[in-house]
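These notes are about the structure you will find just below.
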Amino acid sequence: MNETINTILKNDFIIPNYSDINIVDLMRAIYCKYGIKTEMNKNVETFKTIIPNNKHTLFVLSDGTGSNLINKLDDNSILKRNKKNDIITVFPSTTACVLTSVVTANFPENHGIWGWFNYDRSLNIDYCPLLFCDRKSETNLLDYNIKPQQLFVQHSLLNNLNTKVNVLFPNYIYDSVYSNFVINKENRYSYNDFNDIANFMEKNCENEDESYTYLYLPDIDTLEHENGIDSDIVKNKLEEIETLIKKICENKDLTVIFTADHGQTNIVKDIILDFEEYNNMFYAYPSIDYGTASYYIKKGYENSFEKSFKEKYSDNMILFKTEDLINNNFFGIGNFQLRAKENLGEYISICKKGSFLINNPNIEKYYGKIKGNHSGLSYDEMIIPLIIIDTNSQY
């Protein structure tokens, strides 16, 4: 057993073994139905055998709704009752990374969208992919004449399915640059509340000969960040989602596939990155997220950074050389694209369970305010549910 794997196991982390059933292979199996030629393997074949071949498919991605939440539901819950399996998400377990894997059916090592924060080496810019803005100034990257295709180098497959495609986004992100990357505007719809979603699905199932619908629900993730994963407000929202799913399942000839991008874990300790010490060592801001971060260290400072970081943070974070995680296929199956690799830094830290890294100079914005988080390798963050409902059967 090599040192990297041994360190992961000692800290009760999940090793992201993508030979096990995972979210990328799930998407490949789904897209196969609609004419997409993609890599086939035993996982894809397994998924194809358990996904009903109905006229309509609804793929629901409920942000932050890991298996840890579904497993706590009552046994008569429609979601828990129809959970087929636990599957593994991609690492880093953070929304921008996973959502890009969902629509491209590719691992992070291919698409290179690493997290809430990214660094692009060729453009020398720290940016937020989902917001499509400069991280430091929050300026829209379009104002810098940066085109989305310069950063989102893998195409979304949703524009190429050979069926009627609908994508449902909450209205506040409906017209974003990232939403436009996901799907063309003519196939994109906004919703204000769950009634809008239920009404849309009823009309769609009545009027379309065949369709694929992708529904994105952000609520659980937001509420976990603000209140923790065990809060009543999270439980109440999940009950509302249950009611929505029951309503949608009144439509016949519909397959509902429900999963998540990641789960969350409760936060009990904030860790503040010492920008004052490290700023002269950085050639870019740390990227990825607040549970897992990548560090861009100037040549000649590697030993100083590593020594200082381990002295300061070893109780709460583990520091790896990025190359060690790459060599152990943490980001995919070993088909790294050069551009994706180049946009990672020289080191990556992963928070131990319960810790939250404030890797931003604006400490007051975050200190003491984050109750749940993700992007790491704990079970709660990495294991997501595969829920499948066939509305033509007794579910």
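List pairs: first residue in the range 121-148 and in contact (Cβ under 8 Å) with a residue 24 or more places away in the chain, second residue assigned to a loop (DSSP other than H, G, I, E, B) and polar (S, T, N, Q) anywhere in the structure, Cβ distance under 6 angstrom, at least six positions apart or on different chains.
Pairs that qualify, where the first residue is in contact (Cβ under 8 Å) with a residue 24 or more places away in the chain and the partner is assigned to a loop (DSSP other than H, G, I, E, B) and polar (S, T, N, Q), are Arg121/Asn343.
What number of residues in the range 185-225 are among the charged types (D, E, K, R) and surrounded by 14 or more Cβ atoms within 10 Å (Cβ to Cβ)? If you could, list the steps in order and put the result at the bottom.
Kept after step one, since they are among the charged types (D, E, K, R), are these residues of the range 185-225: 185-186, 188, 193, 196, 202-203, 206, 208-210, 219, 221, 224.
Keeping just the survivors that are surrounded by 14 or more Cβ atoms within 10 Å (Cβ to Cβ) gives 188, 196, 202, 208, 210, 219, 221, 224.
Adding up the residues that qualify gives 8.
Please specify each residue of the range 253-271 satisfying the condition of being over 13 Å from Gly64 (Cβ atoms) and either in contact with a Gly (Cβ under 9 Å, 6 or more places away or on another chain) or at pLDDT below 95 (or both).
Once the filter is applied, which keeps residues that are over 13 Å from Gly64 (Cβ atoms) and either in contact with a Gly (Cβ under 9 Å, 6 or more places away or on another chain) or at pLDDT below 95 (or both), the range 253-271 yields Ile267, Val268, Lys269, Asp270.
Condition first: in a loop (DSSP other than H, G, I, E, B) and within 30 Å of Lys252 (Cα to Cα). Now tell me which residues in the range 375-395 satisfy that.
Answer for the range 375-395, where residues must be in a loop (DSSP other than H, G, I, E, B) and within 30 Å of Lys252 (Cα to Cα): Thr391, Asn392, Ser393, Gln394, Tyr395.
Anything in the range 361-374 that is under 19 Å from the mean Cα position of the chain (by Cα) and either in a loop (DSSP other than H, G, I, E, B) or surrounded by fewer than 13 Cβ atoms within 10 Å (Cβ to Cβ) (or both)? List them, or say none.
Narrowing the range 361-374 to residues under 19 Å from the mean Cα position of the chain (by Cα): 370-374.
The answer is Ile370, Lys371, His374.
If the Cβ limit is 6 Å and pairs must be 6+ apart or interchain, which residue in the range 195-217 that is without any contact (Cβ under 8 Å) to a residue 40 or more places away in the chain pairs with which residue that is surrounded by fewer than 19 Cβ atoms within 10 Å (Cβ to Cβ)?
none
Please identify the pairs in which a residue from the range 365-387 that is over 21 Å from Lys80 (Cβ atoms) and charged (D, E, K, R) has its Cβ atom under 9 Å from the Cβ atom of a residue that is assigned to a strand (DSSP E or B) and open to solvent by less than 10 Å² (accessible area, probe 1.4 Å), counting only partners at least 6 apart or on another chain.
Close Cβ pairs (under 9 Å, with a partner that is assigned to a strand (DSSP E or B) and open to solvent by less than 10 Å² (accessible area, probe 1.4 Å)) amount to Lys365/Ile358.
Every residue in the range 139-170 that is of a type in the set (S, T, N, Q) and open to solvent by 80 Å² or more (accessible area, probe 1.4 Å), please. Spell out how you get there, then give the answer.
Going residue by residue through the range 139-170, those that are of a type in the set (S, T, N, Q) are 139-140, 145, 149-150, 154, 156, 159-160, 162-163, 166.
Scanning the range 139-170 gives Asn145, Gln149, Asn160, Asn162.
So how many residues does the range 17-59 have that are β-branched (Val, Ile, Thr) and without any contact (Cβ under 8 Å) to a residue 24 or more places away in the chain?
2
Just one of Phe132, Phe152, Phe169 is modelled with pLDDT of 95 or more and touching a strand residue (DSSP E or B) at 6+ places or on another chain (Cβ under 6 Å); which is it?
Of Phe132, Phe152, Phe169, the one residue that is modelled with pLDDT of 95 or more and touching a strand residue (DSSP E or B) at 6+ places or on another chain (Cβ under 6 Å) is Phe169.
Can you tell me which residue is most open to solvent (accessible area, probe 1.4 Å) among those in the range 335-360 that are closer than 17 Å to Phe91 by Cβ and in a loop (DSSP other than H, G, I, E, B)?
Going through the qualifying residues, I end up with Lys353.
Residue check: is Arg81 surrounded by fewer than 22 Cβ atoms within 10 Å (Cβ to Cβ), touching a residue at least 40 places away in the same chain (Cβ under 8 Å), within 25 Å of Leu344 (Cβ to Cβ) and charged (D, E, K, R)?
Taking the combined requirement at face value, the residue does not satisfy it.
Give Asp175, Asp134 a once-over and let me know the one that is under 30 Å from Gly35 (Cα atoms), of a type in the set (Asp, Glu) and surrounded by fewer than 19 Cβ atoms within 10 Å (Cβ to Cβ).
Only one candidate passes the filter, namely Asp175.
In this structure, is Glu45 surrounded by fewer than 17 Cβ atoms within 10 Å (Cβ to Cβ) and over 22 Å from the mean Cα position of the chain (by Cα)?
yes
Answer yes or no: is there a residue in the range 306-315 that is under 30 Å from Pro170 (Cβ atoms) and either part of a helix (DSSP H, G or I) or open to solvent by less than 10 Å² (accessible area, probe 1.4 Å) (or both).
no
Right, Thr265: polar (S, T, N, Q) and touching a Cys at 6+ places or on another chain (Cβ under 8 Å) or not?
no
Please find, within the range 254-275, the residue that is most open to solvent (accessible area, probe 1.4 Å) out of those that are more than 27 Å from Thr100 (Cβ to Cβ) and out of contact with any helix residue (DSSP H, G or I) (no Cβ under 7 Å at 6 or more places or on another chain).
For the range 254-275, the residue satisfying everything is Val268.
Select the helices (runs of 4 or more DSSP H) contained entirely in the range 14-132, then report the ones holding at least 3 residues which are touching a His at 6+ places or on another chain (Cβ under 8 Å) and β-branched (Val, Ile, Thr). Steps first, answer last, please.
On the way: elements: 23-32, 42-50, 67-70, 78-81, 95-104, 108-111.
Passing ranges, in order: 95-104.
The values are calculated or read from the model by the stated rules, or taken from the named source; none is laboratory data. What you see is a predicted model; the values in this text were computed from it and never measured. As a convention, Cβ positions derive from the backbone with ideal geometry for all residues, glycine included, and neighbour counts pool all protein chains shown. The accessibility values were calculated without ligands, DNA or RNA, using every heavy atom of the protein model including side chains. Shrake-Rupley method; radii C 1.70, N 1.55, O 1.52, S 1.80 Å.
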